[in-house]
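J.: Pasting a structure here, questions to come.
The values are calculated or read from the model by the stated rules, or taken from the named source; none is laboratory data. What you are looking at is a predicted structure, and each value in this text was computed from that prediction instead of being measured. Note that we place each Cβ from the backbone using ideal geometry, even for glycine, and neighbour counts take in every protein chain shown. Side chains are part of the model used for accessible areas, which takes the heavy atoms of the whole protein and leaves out ligands, DNA and RNA. Shrake-Rupley method; radii C 1.70, N 1.55, O 1.52, S 1.80 Å.
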Amino acid sequence: MRAMHSLRTPRLLLRPWRDEDLPAYAALNADPEVMRHFPALLTREQSDAQAARIRAKLDAQGWGLWAVEVQGGAPFIGFVGLADPGFEASFMPAIEVGWRLARSAWGQGYASEAASAALAFGFEQLDLASIVSFTVPANVRSRAVMTRIGMHDTGLRFEHPRVPEGSALREHVLYRIDRIDAG
């Protein structure tokens, strides 16, 4: 086990997961609007299993997809952090920055604020040369976050191997930021 890292921003705490986060996480994974750009909603069991995998990775590495809470406010609004996508693609190996927030947390700058902290951690603590992010072309909200945090559209489109063939969600766009370009 490595030292567990938590990150603070002016408004947020990116922290290890707690058992009390699981019901709120299941609710956001069952929200059709939150999951619009994913192949399916998650059942409570699937959500809990995914959270267990995220927690195990965070425990093993000391970093990963942190639970996000609003300081002095909501105790859990979703996750933001860094992860190894774990699939084969032309841009791999790579570390991605990603997020999934409850709809009630949208439009407040939380994703950009937390993702910027995760990028800084990746460049400063993990000494990464670059970090990627990806989503379906239609996910304009996430693409806007990627742009706000300094990432650029690489122009690469790829078929996500974990999305079923024939799905309208299979095609993804790749964004990237290099340490040298990160402010």
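J.: Looking at the stretch 79-94, can you tell me whether even one residue there is touching a residue at least 24 places away in the same chain (Cβ under 8 Å) and over 28 Å from residue 167 (Cβ atoms)?
T.: no
J.: Within 25 Å of residue 70 (Cα to Cα), of a type in the set (Gly, Ala, Ser), in a loop (DSSP other than H, G, I, E, B) and out of contact with any Asp or Glu (no Cβ under 9 Å at 6 or more places or on another chain) - does that describe any residue in the stretch 143-155?
T.: no
J.: How do the pairs read when you match residues in the stretch 15-38 that are within 20 Å of residue 167 (Cβ to Cβ) with residues anywhere that are hydrophobic (A, V, I, L, M, F, W, C) and open to solvent by 60 Å² or more (accessible area, probe 1.4 Å), using Cβ under 6 Å and keeping only pairs 6 or more apart or on different chains?
T.: 30/41; 35/41
J.: Name the residues in the stretch 32-58 that are under 27 Å from residue 131 (Cβ atoms), among the charged types (D, E, K, R) and surrounded by 14 or more Cβ atoms within 10 Å (Cβ to Cβ), would you?
T.: Within the stretch 32-58, 55, 57 meet the criteria.
J.: Return the residue satisfying two criteria in turn: it lies in the stretch 39-60 and is over 21 Å from residue 166 (Cβ atoms) and touching a residue at least 40 places away in the same chain (Cβ under 8 Å), and of such residues it is nearest to the chain's Cα centre (by Cα).
T.: Among them, the one singled out is 58.
J.: Among the listed residues 109, 86, which satisfies the condition of being at positive phi and either buried (at least 19 other Cβ atoms within 10 Å of the Cβ) or modelled with pLDDT under 95 (or both)?
T.: 86
J.: Contact list please: Cβ distance under 9 Å, first residue in the stretch 154-183 and more than 15 Å from residue 37 (Cβ to Cβ) and free of Cβ contacts under 8 Å to residues at least 12 places away in the same chain, second residue part of a strand (DSSP E or B) and charged (D, E, K, R), pairs at least six apart or on different chains.
T.: Partner pairs satisfying both residue conditions: 165/159.
J.: Being within 15 Å of residue 99 (Cβ to Cβ) and open to solvent by less than 20 Å² (accessible area, probe 1.4 Å) is the filter here; which residues of the stretch 59-69 pass it?
T.: Correct list: 64, 66, 67, 68.
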